[in-house]
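Accompanying notes for the structure given below.
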Amino acid sequence: MFELKFLGHASWLIKNNDFKILCDPWFNPEGAYFSQWHQFPRNDHLFNELNLNDLDFVYISHAHEDHFDEWTLDHLERHVPIYIPKFKDRFLFQQLKKMGFKDIKELDDESVVVKNIDIKIIKEEGHLDNDSCLILDDGNKKILNLNDCHIDFSEIKKHADEVDLLLLQASSAIWWPCVYHYNKDDMISYGTSKRRNALKRALEYAKYLNAKMVIPNAGPPFFYDDNLDIWNLTRKEEWNPFVLMDEAVEYLNNHDVQSSLVVPGSNIILKPEKTHFSHNEEDLKIYENLDQYMRDYKQFLNSKKILKPQATEQELSELIGKFSDQLKVIKKISKFYVKKIDFPVFFNFKSLGKWIMDFSDDRCLIPFDQQEYKYGFILDPHTVCHLFRERQIDFERYFLGCNFKCKRSPDVYNEYLFALLKYFDTKRFLTSEKIYSERENLLDQTFVLKHNDKSFEVQKYCPHMLADLEEIGFVDDDANFVCPLHGWKFDLSTGKCDKNGHCLKIRSIND
């Protein structure tokens, strides 16, 4: 019989007789992403109460700091087994090894059995992101811990036809549209769309997997910076993309999916006849007076005097040179991304000046002199210096904190720019491009779609995250072919996406 304790965010302690595991533990009192993300609701009261002895393993789904928390892992014995997906990008494995863990098991979609529990990690690996989910099966009940993994519906269906308990994200975690330079009407429109898509995706997973019980978790976070207070204090608004867990529960229940709210400390028992929940009722009341809870939380964090990233004078003096040098290296080794970033990109490093990244110029980074550009960033140089302290330079670690500004004209997303910035160090950049090259073959595959007595030859896989559109795509009332994984819509007559410059190969054919 499975027993689960919710530890906050995407963290779970799961038992079954003498079987005991920990999933994505995140208790760091400094939060994540340069202290911009904090656990919501608070879970600090649980850490000292936890018995983390006799763990069969710790599952880490991916390398994001709110899942791979070195502060929490530092409190564990180094002999405890760590289960992770076998990614081509070895960053997660290397960091765990660096921390001194002796028994790191990388699983590649195969099953293993631990104390009569069947274990399977399903990875979602792309050129832009890596994630995974965990399936636990004791022969009577099956749990799918999807955390915030947005794996293709049809892919997960191969491994889990139906589940008794589905743990999944029903909120947003990305920085778009919150940091972008939009007017109020556009921000409301995009935020509303983002919120709806997050809820719809959760619903699709629940229905696709015939989930008997669904628990929204893995977000949203609490934001620390004063400039981000708007996203904490407007959570109930329809345009706020950071959906609360209680709202996700209500949405799922209203769409005939059984769902229940948990708070840090909640216990779940999967009994044969029904799922049993127990909570501290006082903890559930935070949703009754949410604004006050948010203000008290901010006051608590302020009392801790969390410091902003600070760089040395030497680091600041060397930053532009390091940034420029790495752009030159990337231009030299790139087979794909640099060609697809064929436009100037503006970088405002505040005290370190304004610069243009332009791969058509041999210097790659040149002073800004009123040139036109398509993308623009305003970045804190102290934070960027911290990125360059690491061997793996990952701007996404900064971006997820939402403490920067961005604009683009035209308003078109370029995934290659963000892939370059995420994998800014040489080795990981090459790995990302290799994964990208391997996926290109999939984009040539097609299938026949019939709609309103017409037939279309359609690209089988979505150009975003390679979702199988033959399996899950549908035509909406506006004659758009929709990928429900992230809500991307493609005009059925032209193939153009409503969100960006991507196109889906679509052509009308005769039967």
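The values are calculated or read from the model by the stated rules, or taken from the named source; none is laboratory data. Model, not experiment: these values are computed from the prediction. Glycine gets a Cβ as well: all are built from the backbone with ideal geometry, and neighbour counts include every protein chain shown. Heavy atoms of the whole protein, side chains included, go into the accessibility calculation; ligands, DNA and RNA do not. Shrake-Rupley method; radii C 1.70, N 1.55, O 1.52, S 1.80 Å.
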Flag for residue 335 being without any contact (Cβ under 8 Å) to a residue 60 or more places away in the chain, open to solvent by 70 Å² or more (accessible area, probe 1.4 Å) and closer than 21 Å to residue 418 by Cβ:
no
Among (1) under 30 Å from residue 436 (Cβ atoms); (2) surrounded by fewer than 21 Cβ atoms within 10 Å (Cβ to Cβ); (3) among the acidic types (Asp, Glu), where does residue 66 come up short?
(2)
Is it the case that the range 12-23 has a residue that's touching a strand residue (DSSP E or B) at 6+ places or on another chain (Cβ under 8 Å) and within 19 Å of residue 173 (Cβ to Cβ)?
yes
Answer residue from the range 1-54, given it is crowded, with 21+ Cβ neighbours inside 10 Å and over 21 Å from the mean Cα position of the chain (by Cα) and is nearest to residue 235 (Cα to Cα) among those
4
Inspect all residues belonging to the range 391-410 and state whether any of them is more than 27 Å from residue 315 (Cβ to Cβ) and aromatic (Phe, Trp, Tyr).
no
Those residues of the range 310-340 which are under 22 Å from residue 398 (Cα atoms), within 28 Å of the chain's Cα centre (by Cα) and not in a helix (DSSP H, G or I) amount to 310, 311
Just give me the residues in the range 454-468 being closer than 16 Å to residue 200 by Cβ and among the aliphatic types (A, V, I, L, M), in sequence order.
465, 467
Residues of the range 102-140 that turn out to be part of a loop (DSSP other than H, G, I, E, B), at pLDDT below 95 and surrounded by 13 or more Cβ atoms within 10 Å (Cβ to Cβ), as a count:
5
Candidate set: the range 424-469, residues that are free of Cβ contacts under 8 Å to residues at least 60 places away in the same chain and among the hydroxyl-bearing types (Ser, Thr, Tyr); chosen: the one least open to solvent (accessible area, probe 1.4 Å)
455
So which pairs qualify, if the first residue must be in the range 133-157 and closer than 15 Å to residue 205 by Cα, the second must be among the aromatic types (Phe, Trp, Tyr) and open to solvent by 40 Å² or more (accessible area, probe 1.4 Å), the Cβ gap must be under 6 Å, and the two must be at least 6 apart or on different chains?
153/208
Residue hits (the range 168-203; crowded, with 18+ Cβ neighbours inside 10 Å and among the polar types (S, T, N, Q)) are 169, 171, 172
For the structure I just gave you, tell me whether residue 50 is of a type outside the set (Val, Ile, Thr), out of contact with any Ser or Thr (no Cβ under 7 Å at 6 or more places or on another chain), free of Cβ contacts under 8 Å to residues at least 40 places away in the same chain and within 20 Å of residue 265 (Cα to Cα).
no
Failed criterion for residue 246 (all others in (1) surrounded by 21 or more Cβ atoms within 10 Å (Cβ to Cβ); (2) modelled with pLDDT of 95 or more; (3) within 18 Å of residue 7 (Cα to Cα) hold):
(1)
Can you tell me which residue is surrounded by the fewest Cβ atoms within 10 Å (Cβ to Cβ) among those in the range 279-309 that are part of a loop (DSSP other than H, G, I, E, B) and of a type in the set (D, E, K, R)?
305
Being among the hydrophobic types (A, V, I, L, M, F, W, C) and modelled with pLDDT of 95 or more narrows it down to one of 286, 333, so name that one.
333
Any residue that is assigned to a loop (DSSP other than H, G, I, E, B) and more than 19 Å from residue 65 (Cβ to Cβ) - is there at least one of those in the range 216-234?
yes
Residue check, residue 505 against (1) open to solvent by 20 Å² or more (accessible area, probe 1.4 Å); (2) modelled with pLDDT under 80; (3) out of contact with any Pro (no Cβ under 8 Å at 6 or more places or on another chain), all met but one. Which one?
(2)
Only residues that are modelled with pLDDT of 95 or more, assigned to a loop (DSSP other than H, G, I, E, B) and either of a type in the set (Ser, Thr, Tyr) or surrounded by fewer than 18 Cβ atoms within 10 Å (Cβ to Cβ) (or both): list them for the range 376-403, please.
389
